[in-house]
Amino acid sequence: MAKVSFTAARVEAHRCPDNKSQSFLWDAKAPGLGLRATPGGAKTYIFQAKVHGAAVRVPIGDPRSWPIEKAREKAHELRILVDGGIDPREHAAQQRAAHEARKAEARRQGATVSDAWAVYLAARKAKWSERHYQDHLRLSEAGGREVKRGKGQIVAGPLATLMGLRLSELTRERVDTWLETEAEMRPARARLAFSLLRAFVTWCNGRPEYAGLASLEICSNRQIREHLPKPHVKNDCLEREMLPAWFAAVSKIGNPVIAAYLQALLITGARREEMAALKWADVDFQWRSLSIADKVEEAGRIIPLTHYLASLLGALPRRNEWVFSSPTAGDGKIAEPRIAHNQALTAAGLPHVSLHGLRRSFGTLAEWVEVPVGVVAQIQGHKPSAIAEKHYRRRPLDLLRKWHDNIEAWMLEQAGIQFDSHAVQPGLRAVQ
């Protein structure tokens, strides 16, 4: 190859003949440095050499951006690599990879609790109940927005103060101080918030993009757990003598959907989310059954539709797919029946009973009818508590219906409600 000493004039004058796809000019001062021109007029400094017997050509840059001396310096650097048996292209790829790795690590180190929390919620939402998902949103909410009912603003959740931290700042000491403060102000919410935080930290340490950032001591340190308030076992439950006042007060609720929903919780012992998610497609009036989206069993469970409950559901408006529909709720189904229930309890002079307390009441009141424990557990969707129940008892729907009808009839009798279970309801077919 003929070589010339590059000058600005020679670089400018170099052209590619029309009959060639490219033309080269080689520098006499920097071994391997060349100038490539194409028929379109484009020019590029290149470096060419052999590594382990194979030709290597590496572009350096446009002469308009690269002064000749800078191009010679770059060619000299590449020559050093080649003389060391290193392919400049592989070296450049390694440098790019190392640069990207440093950038990724910087992004990883800068990840905030809020960033990872959003990814965590999106990844786990499908595996949680709606109530559990909403707990994560409420406890991490920044607060400040206007409440939907009444006046005032939403108070920041216990986890809100941690959301702005980097994950690497989520240390044992920081969480210890946070929990001590929160436990003094709102102990029950602090306990739940800490439980959610521990699950979140464990999840983060199982993800490559967050592993090793948040301290796992948060999940195991005894000093932190000492700040946790002692859990209180809830025992709110309707007693037999309360049934007349409760049914009377709930029946007077102005919203018939809420009134039916509350009675359905007591009569079936279902979880509040399970009953709220009931669709018309899940209700079989002819063969008197309800298909419940069970919290434990992935396939769900089928329970009896008792006579009185069937009459309540049959009288509800069919606005959409949901049995307990709401024209004002965003998803079209009942959202917050607790307010109406609490008002009914107050009006009846009854002690506070939560919606889950109605589920507890079903299991307790069923003992008055001497219903087998396994029957109650299967209706409510509890896991079997004994080997025989787990492996040898799977009661058919008609057997469950026999006992469930007895439970409902006894509740109505105690409440003083006159209801003829043998009367044919509109659109219903009695199953004996």
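The values are calculated or read from the model by the stated rules, or taken from the named source; none is laboratory data. Everything numeric here is computed off the predicted structure, so don't read it as measured data. Positions of Cβ are generated from backbone atoms using ideal geometry, with glycine treated the same way; all protein chains shown enter the neighbour counts.
Residues of segment 331-354 that are in contact with a strand residue (DSSP E or B) (Cβ under 8 Å, 6 or more places away or on another chain), part of a loop (DSSP other than H, G, I, E, B) and closer than 14 Å to P256 by Cα: I334 alone. Residue pairs whose Cβ atoms lie under 6 Å apart, sitting 6 or more positions apart in sequence or on different chains, and linking a residue in segment 357-377 that is more than 17 Å from R301 (Cβ to Cβ) to a partner that is surrounded by fewer than 15 Cβ atoms within 10 Å (Cβ to Cβ), are G357/D236. Restricting the first member to segment 322-350 and to residues that are touching a residue at least 12 places away in the same chain (Cβ under 8 Å) and under 16 Å from M242 (Cα atoms), and the second to residues that are aromatic (F, W, Y) and in a helix (DSSP H, G or I), the beta-carbon pairs closer than 9 Å and six or more apart or on different chains are A344/W246; L345/W246; A348/W246; L350/W246. Among residues of segment 158-185 that are touching a residue at least 12 places away in the same chain (Cβ under 8 Å) and assigned by TED's automatic domain parsing to the domain that holds N205, those with a Cβ under 6 angstrom from a residue that is of a type in the set (D, E) and part of a helix (DSSP H, G or I), sequence gap 6+ or separate chain, pair up as P158/E182; R172/E217. Taking segment 399-408 as the range and being surrounded by fewer than 16 Cβ atoms within 10 Å (Cβ to Cβ) and either basic (K, R) or modelled with pLDDT under 90 (or both) as the test, only K402 passes. For segment 48-63, the criterion of a residue being closer than 19 Å to A9 by Cα and not in a strand (DSSP E or B) is satisfied by at least one position. When the residues of segment 308-330 are narrowed to those that are touching a Phe, Trp or Tyr at 6+ places or on another chain (Cβ under 7 Å) and assigned to a helix (DSSP H, G or I), which ends up surrounded by the most Cβ atoms within 10 Å (Cβ to Cβ)? Filtering segment 308-330 for residues that are touching a Phe, Trp or Tyr at 6+ places or on another chain (Cβ under 7 Å) and assigned to a helix (DSSP H, G or I), the one surrounded by the most Cβ atoms within 10 Å (Cβ to Cβ) comes out as A310.
Is at least one residue of segment 378-391 crowded, with 16+ Cβ neighbours inside 10 Å, at pLDDT below 90 and touching a Gly at 6+ places or on another chain (Cβ under 9 Å)? For segment 378-391, residues crowded, with 16+ Cβ neighbours inside 10 Å, at pLDDT below 90 and touching a Gly at 6+ places or on another chain (Cβ under 9 Å): present. Reported count of residues in segment 361-383, each being assigned to a helix (DSSP H, G or I) and either of a type in the set (A, V, I, L, M) or more than 19 Å from T306 (Cβ to Cβ) (or both), is 8. As an exercise: evaluate G85 against (1) under 33 Å from the mean Cα position of the chain (by Cα); (2) at positive phi and give the number of the one condition it does not meet. With respect to (1) under 33 Å from the mean Cα position of the chain (by Cα); (2) at positive phi, G85 is out only on (1). Going by the conditions given, is R36 in a strand (DSSP E or B), more than 30 Å from V201 (Cα to Cα) and touching a Ser or Thr at 6+ places or on another chain (Cβ under 6 Å)? Against the criterion (in a strand (DSSP E or B), more than 30 Å from V201 (Cα to Cα) and touching a Ser or Thr at 6+ places or on another chain (Cβ under 6 Å)), R36 qualifies. Give segment 336-346 a look and list any residue that's surrounded by 14 or more Cβ atoms within 10 Å (Cβ to Cβ) and either aliphatic (A, V, I, L, M) or in contact with a Pro (Cβ under 6 Å, 6 or more places away or on another chain) (or both), or say none. A340, A344, L345, listed by residue number. Looking across segment 219-278, the residues that are at pLDDT 90 or above, of a type in the set (A, V, I, L, M) and in a loop (DSSP other than H, G, I, E, B) come down to L238, I253, A270, A277, L278. For segment 1-42, filtered to residues that are small (G, A, S) and over 60 Å from the mean Cα position of the chain (by Cα), the residue that is modelled with the lowest pLDDT is A2.
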